[in-house]
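A.B. asks: Have a look at the structure that comes next, please.
The values are calculated or read from the model by the stated rules, or taken from the named source; none is laboratory data. For clarity, every value in this text was computed on a predicted model and none was experimentally measured. Don't worry about glycine lacking a Cβ; one is built from the backbone with ideal geometry, like all the others, and counts go over all protein chains shown.
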Amino acid sequence: MGSLHPAVRIANYCLLIVIVAHAHMPVLLIVAVSAVLVSGKRLLQCLLVAATFGWRLRWLLLSLLVLYLVFTPGTPLISNIQWLPSQEGLVAAINRLLTWAVILFLFALFHLHTTRAQWQAGIYWLAKPFAKLGLSAERLTIRMLLTFQAVSALQQNQPSFETTSVQTSWHNLITRLTAVLIYAHEQAEYAELKPIQVETSCPPTFAQWRSFFVLFVVLMGLAVIDYFLFTK
């Protein structure tokens with residue numbers, strides 16, 4: 001995976017996400033097992049990174065779980081007790097959680113094999129073909145780089161938000177978000193202006209794009225099988 005061009009890596013990841021987001025359990029398991037095999041010796045590290053991302057998204061995942069359990073009609077888990085979640089809701093909730101788990105693991109795998117410079121190069125070469133439509137690849141790459149830097153700085157200073165006087169009880173989300181926004185604004189006002197060098201490396205060759213086309217054919221095959229077996 002490390003030998004792939006960053007642009008191809010990003011394209012492969014996006015393609016996987018599109019398929020995983022709409023796949024049923026068998027396809028999810030195939031993708032999950034394949035990702036585990038690809039991770040190799042870095043399996044534990046991928047699991048730790050995915051768990052970290054999952055913890056940051058815990059409220060979103062909990063909301064999805066409640067949404068599917070409570071609002072999916074169907075047969076109750078226990079007959080004659082209508083207020084219990086439905087069997088269909090439980091299956092849908094498990095499927096969504098597994099989907100998110102696979103997506104987070106794939107992102108962890110991608111994240112561990114991609115440096116910041118490679119991120120820049122990948123975004124740059126993916127945006128380059130749209131220059132004729134008025135999209136500046138350099139400007140998009142710089143904006144993405146600045147976003148990554150800002151998020152990283154906010155994460156590093158997160159403990160300071162928890163010890164300042166502006167933070168109240170844990171459930172006062174608006175106050176905490178306000179503190180973060182004030183900090184980000186102050187950093188933008190007083191940050192030193194520095195030149196930014198966009199890392200572009202070399203453009204991906206046609207041979208490097210072969211892995212994307214192979215992955216596309218395989219995933220489309222799985223999607224067709226998934227459709228005829230579980231949707232029709």
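A.B. asks: Could you please find all residues in segment 29-80 being farther than 16 Å from I103 by Cα and among the basic types (K, R)?
C.D. replies: Across segment 29-80, the qualifying residues are K41, R42.
A.B. asks: Would you mind stating whether S79 is in the same structural domain as S3 (by TED's automatic domain parsing), surrounded by fewer than 16 Cβ atoms within 10 Å (Cβ to Cβ), hydroxyl-bearing (S, T, Y) and at pLDDT 85 or above?
C.D. replies: Against the criterion (in the same structural domain as S3 (by TED's automatic domain parsing), surrounded by fewer than 16 Cβ atoms within 10 Å (Cβ to Cβ), hydroxyl-bearing (S, T, Y) and at pLDDT 85 or above), S79 does not qualify.
A.B. asks: Cβ contacts < 6 Å: first residue in the same structural domain as E88 (by TED's automatic domain parsing), restricted to segment 21-48; second residue among the small types (G, A, S) and in a helix (DSSP H, G or I), any location; separation 6+ or different chain. Result?
C.D. replies: As it stands, the answer is C46/S39; C46/A108, since those pairs meet every condition given.
A.B. asks: Right, here's the next one. Restricting attention to segment 44-61, does a residue exist that is surrounded by fewer than 16 Cβ atoms within 10 Å (Cβ to Cβ) and more than 18 Å from the chain's Cα centre (by Cα)?
C.D. replies: Yes, the conditions are met somewhere in segment 44-61.
A.B. asks: Of all residues in segment 66-76 being under 10 Å from A92 (Cβ atoms) and aliphatic (A, V, I, L, M), which is surrounded by the fewest Cβ atoms within 10 Å (Cβ to Cβ)?
C.D. replies: L67
A.B. asks: Here's another thing I want to ask about it. Can you tell me which residues in segment 49-89 are in contact (Cβ under 8 Å) with a residue 60 or more places away in the chain and small (G, A, S)?
C.D. replies: Residues satisfying the conditions do not exist here.
A.B. asks: A further question follows. How about segment 82-116: which of its residues are outside any helix (DSSP H, G or I), within 24 Å of the chain's Cα centre (by Cα) and surrounded by fewer than 19 Cβ atoms within 10 Å (Cβ to Cβ)?
C.D. replies: Taking segment 82-116 and keeping what is outside any helix (DSSP H, G or I), we get 82-86, 113-115.
Checking which are within 24 Å of the chain's Cα centre (by Cα) leaves us with 113-115.
Within segment 82-116, H113, T115 meet the criteria.
A.B. asks: Any idea which of R42, R9 is touching a Phe, Trp or Tyr at 6+ places or on another chain (Cβ under 7 Å) and of a type in the set (K, R)?
C.D. replies: Only one candidate qualifies: R9.
A.B. asks: Taking segment 198-215 as the region of interest, how many residues are modelled with pLDDT under 85 and among the small types (G, A, S)?
C.D. replies: 1
A.B. asks: Something else about it: If we keep just the residues of segment 18-35 that are within 30 Å of C202 (Cα to Cα) and loosely packed, with under 15 Cβ neighbours inside 10 Å, which is nearest to the chain's Cα centre (by Cα)?
C.D. replies: Taking the candidates together, the pick is V18.
A.B. asks: Output the residue which, of all residues in segment 119-138 that are under 29 Å from L47 (Cα atoms) and at pLDDT below 85, is surrounded by the most Cβ atoms within 10 Å (Cβ to Cβ).
C.D. replies: Q120
A.B. asks: Do we have H185 as at pLDDT 60 or above, out of contact with any His (no Cβ under 7 Å at 6 or more places or on another chain), exposed (fewer than 15 other Cβ atoms within 10 Å of the Cβ) and not acidic (D, E) here?
C.D. replies: So H185 passes the test.
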